[in-house]
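Readers should treat all values here as calculations from the given coordinates under stated rules, not as data from a laboratory. All figures in this text were calculated on a predicted structure; none of them were measured in a lab. Glycine gets a Cβ as well: all are built from the backbone with ideal geometry, and neighbour counts include every protein chain shown.
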Amino acid sequence: MSTTSPTVGGPRLYSTLSRRSEPLEPGPDGTVRMYVCGPTVYGPVHVGNARPFVVFSVLKRYLTRRGFAVRFVSNVTDVNDKIYAAAGREEVPSAELAARYLAEYVADTDRLELGRPDLEPTVTGHMPEIIDLIERLITVDLAYPSHGDVYFRVNRFPGYGKLSGRRLDELLVTEPGDAKEHPLDFALWKGHKPDEDTFWESPWGNGRPGWHIECSAMAQSALGPSFEIHGGGIDLAFPHHENEIAQSEGANGVPMARIWAHNEMLELGGKMSKSEGNIILLRDALDRWGRDVLVAFFLRTHYRSKLPFGDPALEDTARQVETIRNTILALDRAESAPGTGINRELADTLVAARNDFFDALDDDFHTPRAFAALFEVIHAIHRAVDGARPGLAQLQATRSEFVALLDVLGLASLAVSRPGAPVEIVALAREREIARAEGDFARADELRAEIEARGYEVRDTPEGPQVTSR
RNA sequence: GGCGACGUGGCGAAGUGGGAACGCUGCGGUCUGCAAAACCGCCAUGAGUCGGUUCGAUUCCGACCGUCGCCUCCA
C-alpha cells in the first residue's frame, strides 16, 4: 500500500480517482452514502468475495460509531453470462439458479455477523431504471443501438480512463467487433440470444442489460446521481468502474462518487478467482476458522494491501483472537475479587490507546494500527489484574471501554463469556480440587486430562480454578 | 507491450528524513505441585539491488531485479 496523509480532523479515505487520501464528508442530507459492488450469484461465494463485504461493513460500523449516518448499498448481479452458463451446466432455469445462489450468498455472509447492507438491489429488480438510463444516454448521443444491442460510445465521453489512468489510445485492442463503432465501446444492452432463457422487453427489442449499466442504474436509484463512497475490489477499477463513471457522469453531468475506495485482492498463490479454480469457499473458511478469526484476519491487514490467505496467517490470527478472549477472562476473574482505588497506568493507557485507535481508523481506515492500540489495552489490563488491581468501578469501566473498541471492529463477540461449563465438568473440577488439597497430584492430573478430553480447560488462578471451553 | 500496486526481522504487519510500532513464533526469567494463562527481558547496526540528493535515507529521486493485479469475466 502507499502512504497517505496524516489525519487532520475527521476520517479520511484514499481515493483511486485522485490517488490520495480525501477527507470524508457527509452529503447534503447529512449521510455518508456508500455503494459497493457485490457478487455475481452463479456459485457459492469464496473468501475473496468476503473481503469487501467485511471491509465495507466494518467501515460503516466505524463511521456510525464516529457519529455519521451511513447508508450502505451493495448490489447483487443476478443476470449475467456466467449465470446462463452455470444454469446450462446444472440444467436448471437461470432465474432459479440465481435465486438459489443469492440466498446462499446472504446465508454465508450472515454468518460473518456483521449485519446486512441497508439495501441489496438486484438487476432483475431494476429493469425500468436500467432501460431509462440507456435511453437517456442515447438521447445525449453517448450511446447507440446496433444489431439489437446498444453500445456506449466511448469516444464521446472525454473523461474515459480517468479512474484507472488509461488513455483510449493506449488500451490494447483485440477484437474489432462489427457491431461496434469503436472496439472499446461496451454493451449497455444485449439482444436476446436463443440459448438464454430470460429476457426483457425494451425499445431495442428483447434482451438484457450489459454488466456495467446495472450499477449505474442501481446506485443512482438508491443513492442519487452523486454520492460519497463507491467501493469494490481493485480488479473492478477497470473496466467496470470506469464504465460506471462514463455512464453515470455522461447521463447526469455530476461526479458519480467523491471517493473511489478499492480493496486489494486476497491471494492464494495467485489471485483467487472462480475462473482460475483456486477457490476457498467462504462457508468452508467459516466452518474451519469461525467468524471471529476470519473477521480479525481481514482487519489485521490494511484493506489496500494484498492479503495472502493461508494456514500460517489464520493460525496466527486465531492466537491473537485467543489472547483477546483471555483478556476478558482476566477481567472476569478480577471482578470476582477486585482490588481498591485506581490503577493510574491502566487509566492512562486506555485514554492513549483509544486515541490511537480512532486516529488510526481516521487515517484511511487503518485497522492494523487499530489492532496495535488494542494490544496496548490488553497488556495494560493484564498488568493491572496481576499487579496493582484496581477497584470494581475501574475494572468495569475498563471492560466496557475495551468491549466498545472491539465492537467497532465487529469483534465484541470475543467479550461474550462462553456458556459456563456443564455440571459434570464442574463436578470433575471440584473433584480435582479435592485431590489437589489432599496432595494426590496424580489423580488431579488425571482429572485435568479427563476435563480436556471433554473439550474444557482448567486454569488454576489465585482466585481458584477457572474452567473454560476450548 | 501499456497502466497500477508493492518488495521491512523466522512468519504476519506498521510508522518514519535523524531512536525500525504491533502481533505470532523462538529463547531466558517470574508465578505455578504440574500445566495453562499472564507478566518481565531478549531476538532486523539493517529495511530487494545499485546509484543519486542530503550534514544525515528504510523513508525523497533514478535505474535495475523480483512479486502481484488490471488491460477479457472476476471482490
Toy charge model, Lys and Arg Cβ at +1, Asp and Glu Cβ at -1: chain A dipole around Cα centroid in debye, rounded to 20, equals 1000 debye
Final fewest-first order of A:D332, A:D29 on the 10 Å Cβ neighbour count is A:D29, A:D332
Under the Karplus relation with 6.51, -1.76 and 1.60 and θ = phi - 60°, whole-Hz ³J(HN,Hα) for the stretch A:297-303, x at Gly and Pro, equal 4, 5, 8, 7, 10, 4, 5
About its Cα centre, the stretch A:58-111 carries a charge dipole, from +1 on Lys and Arg Cβ atoms and -1 on Asp and Glu Cβ atoms, whose size in debye to the nearest 20 is 680 debye
Under the 7 Å Cα-to-Cβ spin-label approximation, A:R288 and A:N252 lie apart by a distance in nanometres of 4.1 nm
Which residues qualify? For A:T77, with a placed amide H closer than 5 Å and at least 5 residues away or on another chain, they are A:T40, A:V41
Burial-style ranking of A:155-161, A:339-345, A:121-127, A:57-63, average other-beta-carbon count within 10 Å with highest first, yields A:57-63, A:121-127, A:155-161, A:339-345
Taking every DSSP bridge whose two residues both lie in chain A, the antiparallel percent to the nearest 5 is 50 percent
Residues meeting the amide H criterion for A:S21 (H placed from the backbone, H to H distance under 5 Å, 5 or more places apart or on another chain) are A:S5, A:S15
One quarter of the C-alpha convex hull surface, i.e. the mean projected area of the stretch A:12-299 in nm², amounts to 15.3 nm²
Karplus ³J(HN,Hα) for the stretch A:201-208 (6.51 cos²θ - 1.76 cosθ + 1.60, θ = phi - 60°; Hz, whole; x = Gly/Pro) runs 7, 8, x, 9, x, 5, x, 8
Place a point 7 Å from the Cα of A:H192 in the direction of its beta carbon; the residues of the stretch A:81-103 whose amide N falls under 11 Å from it are none
Karplus-derived 3J(HN,Hα) from phi for the stretch A:366-378 (6.51 cos²θ - 1.76 cosθ + 1.60, θ = phi - 60°), whole Hz, x at Gly and Pro, runs 7, 5, x, 5, 5, 4, 4, 5, 4, 6, 4, 4, 4
Rounded to the nearest 5, the percent of antiparallel DSSP beta bridges in the stretch A:192-321 equals 20 percent
A correct Stokes-Einstein calculation for the stretch A:423-469, using the alpha-carbon Kirkwood radius, 20 °C and 1.002 mPa s, returns a whole-number D in µm² s⁻¹ of 206 µm²/s
Two pseudo-spin positions, 7 Å from Cα along C-beta at A:H182 and at A:L314, lie apart in nanometres by 4.5 nm
Per 10 angstrom bin, beginning at 0 and ending with the bin that holds the maximum distance, the Cα pairs of the stretch A:310-410 fall in percents of 16, 46, 29, 8, 1
For chain A, whose charge dipole is built from +1 on Lys and Arg Cβ atoms and -1 on Asp and Glu Cβ atoms, the candidate among A:H126, A:G43, A:L329 with its Cα farthest towards the positive end is A:L329
Expected sort for A:H46, A:H382 with the fewest Cβ neighbours (10 Å cutoff) up front is A:H382, A:H46
Amide H contacts under 5 Å for A:E267, restricted to residues at least 5 apart in sequence or on another chain and with H modeled in the peptide plane, are A:L307, A:F309
Final fewest-first order of A:L163, A:L307 on the 10 Å Cβ neighbour count is A:L307, A:L163
Magnitude of the Cβ-charge dipole (Lys and Arg +1, Asp and Glu -1) of the stretch A:423-469 about the Cα centre, nearest 20 debye, reported as 60 debye
